[in-house]
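Peer 1: First the structure, which I've put down as structure tokens, then a few questions once you've had a look.
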Amino acid sequence: MASTITSTSGEPKLWLGGVEPMKASYGKLMMWFFLISDTFTFSGLLVSYGLIRYSFPAYTGEVADFTFSNLYWPIPEKVFSAVPFLHGVYLPLVFVGIMTFILIFSSVTMVLAVEAGHRMDRKNVEKYLLWTLLGGITFLGCQAWEWTHFIHGTDEGSVIRELINGEWIERTVFGANLKENQYGPVPFADLFFFITGFHGTHVFSGVVLNYLVFYRTSTGFYDRRGSYEMIEKVGLYWHFVDLVWVFVFTFFYLV
Amino acid sequence: MANSHSHHVPADGGAAQRKVIWKTFWVLLILTALEFLIAFTMHHGTLRITIFVLMTIVKAFYIVGEFMHLKHETKSLIWLILWPTVLVLWLIVALIVEGGFIFEELNIFKFLK
């Protein structure tokens, strides 16, 4: 980047205006600022979740006797208990566990790519970026499956009770969308779509960014520039996406 | 780009740094596995939620500190990131309490019983 000057060790490093603040390069500092603002956006969603979750009644009976109802908040492990190719088998949180593992592992390969970049080791940067891309794309695929299953619902559906014009109406609902939800109160489905959807959008952007730096690495662009710092900046973003998932996993799926 | 790492490869060729990366990976993996164990062995309640939140904060510490390298940045940058986040945590707690208030005091769901 034109705005920075490579210096030999010992001298203060410079932006165009003078000594670089907080010993961080322009690009990295701006990425941190962006991530802080993105934290606020995700916090907005998690705060809404907390508020809405606790303004609804909790399920008070035994976990084993749990049935879906729109009158209380569902137990997440009862909602997310399906795994692809194992139709009808009750496997609570297994699939989301696999997704969590994939994302953590792609974060590891990302940081290994950054480390290889420090050594100007192009072959290893390429290798680890490819693994990271694979992890990101697999995660998106898993999320697409999870959404599909969530939207279509279980075979039996569930009976919900609604007060319409002063009368209690019972009807069977299959799956969930923004207006009706077989698993619990409607806001539960709304929050699921908004929170995992917004996170998934971030994963998608991360995959695009990773592809761009992979392309530039493999054409030797960073070797010619003499620095692999762009991998670090994209890495910061990718780890942030992993971090958000850690919080989503706890607050949406575990608590 | 002016980067302290690019042209100063450690004497061991980065082996020590790779070791830290894999250690962080195992910490994250074991903590996540423990979360699963707790999810299926402990009863729902405040204690369980507290344990989950604490474990999540430990995981966040490792991801931000090691993977995002924040632990090794200057103090001013660390505080710059940390303080807004602490205020956000306060907001989350405040509005969860508020949600409890909406549930108990207004009890808009009592007619559903």
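Throughout, read-outs are computed from the coordinates displayed, never taken from laboratory work. These numbers come from a predicted model, not from an experiment. Neighbour counts are summed over all protein chains in view; Cβ atoms, including those assigned to glycine, are modelled from backbone coordinates with ideal geometry.
Peer 1: Applying 1/(1 + (r/R0)^6) with R0 = 25 Å to the Cβ-Cβ distance of A:Thr154 and B:Phe36, what FRET efficiency is obtained, to the nearest 0.05?
Peer 2: 0.65
Peer 1: Follow-up question, since we're still on this one. What do you get for Rg/Rh of the stretch A:194-255 when both radii come from the Cα atoms and Rh is the Kirkwood radius?
Peer 2: 1.14
Peer 1: I would also like to ask the following. Averaged over peptide A:44-56, how many Cβ atoms belonging to another chain are found within 10 Å of each residue's Cβ?
Peer 2: 6
Peer 1: Could you check the spin-label model distance between A:Leu86 and A:Arg122? Points 7 Å from the Cα along Cα→Cβ, value in nm.
Peer 2: It is 4.5 nm.
Peer 1: So what is Rg over Rh here for the stretch A:1-157, counting just Cα atoms and using Kirkwood for Rh?
Peer 2: Reported Rg/Rh, Kirkwood definition of Rh: 1.14.
Peer 1: Just the Cα atoms of the stretch A:126-255: what Rg and Dmax do they give in Å?
Peer 2: 20.6, 73
Peer 1: Here is a further query. State the Cα centre-to-centre distance between the stretch A:73-88 and the stretch A:180-201 in whole Å.
Peer 2: The stretch A:73-88 and the stretch A:180-201 have Cα centres separated by 15 Å.
Peer 1: Can you sort A:Met31, A:Met110, B:Met68 from fewest to most other Cβ atoms within 10 Å of each residue's own Cβ?
Peer 2: A:Met31, B:Met68, A:Met110
Peer 1: Over all residues in A:130-139, what is the mean tally of Cβ atoms on other chains that come within 10 Å of each residue's Cβ?
Peer 2: 0
Peer 1: Now a separate question. Per residue and in Å³, how big is the convex hull formed by the alpha-carbon atoms of chain B?
Peer 2: That works out to 155 Å³ per residue.
Peer 1: Measuring from label point to label point, each 7 Å out along Cα→Cβ, what is the A:Phe101 to B:Lys23 span in nm?
Peer 2: 2.5 nm
Peer 1: Can you find, among A:Val47, A:Gly200, A:Ile151, the residue farthest towards the positive end of the dipole of the stretch A:25-254? Put +1 on the C-beta of Lys and Arg, -1 on that of Asp and Glu.
Peer 2: Looking along the dipole axis, the top candidate is A:Gly200.
Peer 1: Averaged over its residues, how many other protein chain Cβ atoms are within 10 Å of peptide A:116-123's Cβ atoms?
Peer 2: Mean partner-chain Cβ count within 10 Å for A:116-123: 4.
Peer 1: Under a 5 Å amide H to amide H cut-off, with H placed in plane at 1.01 Å, what residues pair with A:Ala176 once short-range neighbours are removed?
Peer 2: Amide H to amide H, under 5 Å and 5 or more residues apart or across chains, A:Ala176 pairs with A:Ile151, A:His152, A:Gly153, A:Gln182.
Peer 1: Above 14 angstrom, tally the Cα pairs of the stretch B:8-72 and express them as a % of all pairs, no decimals.
Peer 2: Within the stretch B:8-72, distances greater than 14 Å cover 66 percent of Cα pairs.
Peer 1: Another question about this same structure. Could you put A:Thr39, B:Thr46 in order, starting from the residue whose Cβ has the fewest other Cβ atoms within 10 Å?
Peer 2: B:Thr46, A:Thr39
Peer 1: I would also like to ask the following. Can you give the FRET efficiency to the nearest 0.05 for B:Leu106 and A:Glu162, using r as the Cβ-Cβ distance and R₀ = 25 Å?
Peer 2: It comes out at approximately 0.80.
Peer 1: May I ask you to order B:10-19, B:58-67, B:87-96 by the average number of other C-beta atoms within 10 Å around their residues, highest value first?
Peer 2: B:58-67, B:87-96, B:10-19
Peer 1: Classify the stretch A:43-86 as rounded, prolate or oblate from the Cα gyration tensor: take a ≥ b ≥ c as the square roots of its eigenvalues, call it rounded if a/c is under 1.5, otherwise prolate when a/b beats b/c and oblate if not.
Peer 2: oblate
Peer 1: Using only Cα atoms, find the angle between the long axis of helix B:46-62 and the longest principal axis of chain B, and express it within 0 to 90 degrees, rounded to the nearest 10.
Peer 2: 20 degrees
Peer 1: Write down, largest first, the equivalent ellipsoid semi-axes of the protein assembly as shown in whole Å, where each equals the square root of 5 times an eigenvalue of the alpha-carbon gyration tensor.
Peer 2: The equivalent ellipsoid of the protein assembly as shown has semi-axes of 43, 22, 18 Å.
Peer 1: When a footprinting reagent is the concern and you count Cβ atoms within 10 Å, what order do A:Ser69, A:Ser107, B:Ser76 take, fewest first?
Peer 2: Lowest to highest Cβ neighbour count: B:Ser76, A:Ser69, A:Ser107.
Peer 1: From the phi of every residue in the stretch B:73-90, what ³J(HN,Hα) in whole Hz does the Karplus formula 6.51 cos²θ - 1.76 cosθ + 1.60 yield, where θ is phi - 60° and glycine or proline is x?
Peer 2: Calculated HN-Hα couplings, in order: 8, 6, 4, 5, 5, 4, 5, 4, 7, 6, 4, x, 5, 4, 5, 5, 4, 4 Hz.
Peer 1: Sticking with this one: Name the residues whose placed amide hydrogens come within less than 5 Å of the amide hydrogen of A:Trp15, ignoring near sequence neighbours (fewer than 5 apart) on the same chain.
Peer 2: For A:Trp15, the qualifying residues are A:Glu20.
Peer 1: Cross-link candidates for A:Lys23: which aspartates and glutamates have Cα within less than 20 Å, leaving aside residues fewer than 8 places away along the same chain?
Peer 2: A:Glu11, A:Glu115, A:Glu229, A:Glu232, B:Glu66, B:Glu73
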